[in-house]
Amino acid sequence: LVLLKTLGFVVEGIPKLQLITKTLNMVKGDLFGFFVLFMLALGAFAFTFWIYFGANIPDYYSIMQSNLTTLRGLFGDFDTVKLQMMDGNSFDVGFFLAYLFFAVFVLLSMFLAIMDEAHSIVVDDTADDGLDFGVFSFAYR
């Protein structure tokens, strides 16, 4: 709550920061659709990992634990040694790395494309207004 109030104050003080709020306001529908797609992909991979790894690796023993482990994998918290030791082949690790490739490169690229398109439209709309630094205009004279 304090963060939102601080952000509101900063946006009023520096109007150029309204680009952030205008961009997010413009893409809220697209971001909702992306979030649904992201959660479906994450759930599908987590369900597949639960079926494939659940009996042998404790991190995937239930659907909820598999979802959490799959989500943690996006942030780099994954154990490839457990995956390699499961059957002794590299297919298990390759399967997990295919998930990481899809999630990081494909879905992240989609997210960035959505944000970039909206940001360029907002910048073009506000380019005619000129630079306005609000309460900090005295520093830029």
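Some values worked out for this structure:
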{"item": "Meets criteria (under 30 Å from residue 120 (Cβ atoms), open to solvent by less than 40 Å² (accessible area, probe 1.4 Å), touching a helix residue (DSSP H, G or I) at 6+ places or on another chain (Cβ under 8 Å) and among the β-branched types (Val, Ile, Thr)) for residue 27", "result": "yes"}
{"item": "Scope the stretch 28-41; condition of a type outside the set (D, E, K, R) and under 16 Å from residue 109 (Cβ atoms); matching residues", "result": "31, 33, 34, 35, 37, 38, 41"}
{"item": "Residue within the stretch 42-50 that is open to solvent by 40 Å² or more (accessible area, probe 1.4 Å), assigned to a helix (DSSP H, G or I) and closer than 18 Å to residue 108 by Cα present", "result": "yes"}
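The values are calculated or read from the model by the stated rules, or taken from the named source; none is laboratory data. The structure displayed is predicted, hence computed values, not measured ones. Glycine also receives a Cβ, built like all others from the backbone with ideal geometry; neighbour counts cover every protein chain displayed. Keep in mind that these areas ignore ligands, DNA and RNA; they rest on the heavy atoms of the full protein, side chains included. Shrake-Rupley method; radii C 1.70, N 1.55, O 1.52, S 1.80 Å.
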